Amino acid sequence: MQTSSDPLLSLIQKSLDDDQASEIVTIDLRGKTSLADYMLIATGRSARHVTAVAEHLGETLRASGHRQFQIEGLPAADWVLIDAGDVIVHLFRPEVRSFYNLEKMWSPALIDALETAS
């Protein structure tokens, strides 16, 4: 796992890695959108695993002093979104991740092409 110089991003990457989330992808959004600086996309093995990873990430954020975050989608745990301000995390069950394919939608090549077109 590659760590970042951004402390919040590193904290989240470590938490996801420690909890055995798989296929963790970090997308650098700096200078591309005001939405966030980074987006992480990760997969859990099952709805139960997605829930556990998301809840533990919330505990990790709280314990490190980050109080301004939101977690959405826990009841179904197909797709859980954790908005930690500068870092947005999408946790998916495998089949849901492949259906939405956020990596393609937010790929650097696509973002660059959209910027060039506008």
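The values are calculated or read from the model by the stated rules, or taken from the named source; none is laboratory data. Owing to the predicted nature of the structure, the values given are computational and were not obtained by experimental measurement. Glycine gets a Cβ as well: all are built from the backbone with ideal geometry, and neighbour counts include every protein chain shown.
One table, with the values for the structure above:
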item	result
Any hit, segment 88-110, residues being modelled with pLDDT of 95 or more, basic (Lys, Arg) and touching an Asp or Glu at 6+ places or on another chain (Cβ under 6 Å)	yes
Residue list for segment 23-52, restricted to those being among the polar types (S, T, N, Q), closer than 20 Å to PHE92 by Cα and out of contact with any Leu (no Cβ under 9 Å at 6 or more places or on another chain)	SER46
Output for segment 44-73, where each listed residue is over 13 Å from the mean Cα position of the chain (by Cα) and part of a helix (DSSP H, G or I)	ALA47, ARG48, HIS49, THR51, ALA52, GLU55, HIS56, GLU59, THR60, LEU61, ARG62, ALA63
Scan of segment 27-43 for residues that are in contact with a Gly (Cβ under 9 Å, 6 or more places away or on another chain) and in a strand (DSSP E or B), ordered by number	none
